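The values are calculated or read from the model by the stated rules, or taken from the named source; none is laboratory data. What you are looking at is a predicted structure, and each value in this text was computed from that prediction instead of being measured. For accessibility, only protein heavy atoms count, side chains too; no ligands or nucleic acids. Shrake-Rupley method; radii C 1.70, N 1.55, O 1.52, S 1.80 Å.
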Amino acid sequence: MAQMRYVIGVDGGASKTFCLAASIDGTITGFGKAGVGSFEMAGIDRAKESILSAVEESLNGISKDRVEFGCFALAGADFDPEDFDMLSKAMGELGVAKRISIRNDSVAGLRGGITKPYGVCIAMGSGFNGVGIGKDGREVRFFGEGYIFGDIGGGGSIARDALFHAMRAYDGRGKLTALMQIVLGHWE
């Protein structure tokens, strides 16, 4: 009798990494979580450690040589070919799947939230990112490169704006806001 084969899906972001393992028939067999999976936030070596840890936890003792395919939806997989080539090499070095696919982490949000092969996802995590896939299969994506590139939103933008408005209220250049006391209290 043939051994069961598996697939893994990794969501590696700026604050956490999740991995879901499933048998080829789609039955979920395990879940793993670890720290930062974004090479932009943690560096490639630390990101690889987090991703590997989440994968191993999700496999729960299943041999990696039984994993046929791994989809790595990663923050920082923004520009082709440089990001994708570097991340393909790095994920291949983990040796956790026979075949791999590298996608931007916004694609994981999109695919996790739709039942059809098309739709739109706007992700507001530590940063901002977005992806849309049309009925014809064409994909468009924001690059998530921050304020200077027009990608506004997410935790980083909210924190920056809170500090901006709190400090302007504190020094008298802006309207009083409840943020002022919260920010000053937090930073003592």
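What is the range 105-149 by shape, rounded, prolate or oblate, if you read a ≥ b ≥ c off the alpha carbon gyration tensor as root eigenvalues and call it rounded for a/c under 1.5, prolate for a/b larger than b/c, and oblate otherwise? Mind showing how you got there, number by number?
Numbers: a/c = 3.66, a/b = 1.69, b/c = 2.16.
Oblate shape, in that a/c is at least 1.5 and b/c is the bigger or equal ratio.
The antiparallel fraction among DSSP beta bridges confined to the range 19-121 stands at about 40%. Apolar share of the accessible surface for the chain: 58 percent from carbon plus sulfur atoms, 1.4 Å probe.
DSSP beta bridges fully contained in the chain are about 65 percent antiparallel.
For the pairs LYS33/LYS89; LYS16/LYS116; LYS16/LYS64; LYS89/LYS116; LYS48/LYS98, flag any whose C-alpha to C-alpha distance is greater than 25 Å. Let's see the in-between values first.
On the way: LYS33/LYS89 22 Å; LYS16/LYS116 27 Å; LYS16/LYS64 22 Å; LYS89/LYS116 31 Å; LYS48/LYS98 17 Å.
Table pairs above 25 Å Cα-Cα are LYS16/LYS116; LYS89/LYS116.
Going by the alpha-carbon gyration tensor, a ≥ b ≥ c the square roots of its eigenvalues, is the range 54-177 rounded (a/c under 1.5) or, if a/c is not under 1.5, prolate (a/b greater than b/c) versus oblate? Prolate is the answer for the range 54-177, as a/c is 1.5 or above and a/b outweighs b/c. Relative contact order of the chain: 14 percent, from C-alpha pairs under 8 Å at least 6 residues apart in sequence.
Going from most exposed to least, what order do SER101, SER58 have by accessible area with a 1.4 Å probe?
Numbers: SER101 35, SER58 0 Å².
Most to least solvent-accessible, the answer reads SER101, SER58.
With the cut-off at 1.5 for a/c, could you classify the range 1-115 from its C-alpha gyration tensor as rounded, prolate or oblate? Before the final figure, lay out each step's value.
Details: a/c = 1.63, a/b = 1.49, b/c = 1.09.
Prolate is the answer for the range 1-115, as a/c is 1.5 or above and a/b outweighs b/c.
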